[in-house]
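This report concerns only the one structure given below.
No lab work stands behind these numbers, since they all come straight from the coordinates. None of the values given here were measured: they were computed from a predicted structure.
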């Protein structure tokens with residue numbers, strides 16, 4: 001097929017959803033402090049681990065995504081414990097798992113305490 005893009009390991013076929021791509025771009029400009037601290041460490045591809053930030057996938061936007069390891073990394077603040085958010089997170093995690101993507105939820109307070117330790121742990125996890 002002329003012009004067809006071949007998928008490599010760790011990539012999933014998915015239709016582009018323009019509204020999600022635009023929203024992801026917007027979220028990249030408005031990252032929370034814990035997300036920014038973590039991104040400043042992960043953006044340098046430590047130990048060869050490539051991580052994307054605010055990555056649109058299906059109906060969702062993932063805080064961080066490592067395609068090679070098929071791992072979604074979510075930095076969860078207090079809002080994730082309130083209202084219907086735990087049920088929404090569970091639904092999203094189940095959908096991601098059905099796509100073969102594991103979700104790691106990192107409390108924002110852990111990132112604020114030591115972003116370096118969190119980043120090191122994530123890199124080791126993605127390299128396993």
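Tabulated values for the structure
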{"quantity": "Full-stretch length increase - residue 59, residue 97 - with 0.36 nm per residue and alpha-carbon distance subtracted", "calculated": "12.3 nm"}
{"quantity": "Gain on full stretching of the segment that runs from residue 109 to residue 45 - 0.36 nm per residue minus C-alpha separation", "calculated": "20.7 nm"}
{"quantity": "Kirkwood estimate for the range 31-127, i.e. one over the average of 1/r between Cα atoms, Å", "calculated": "13.6"}
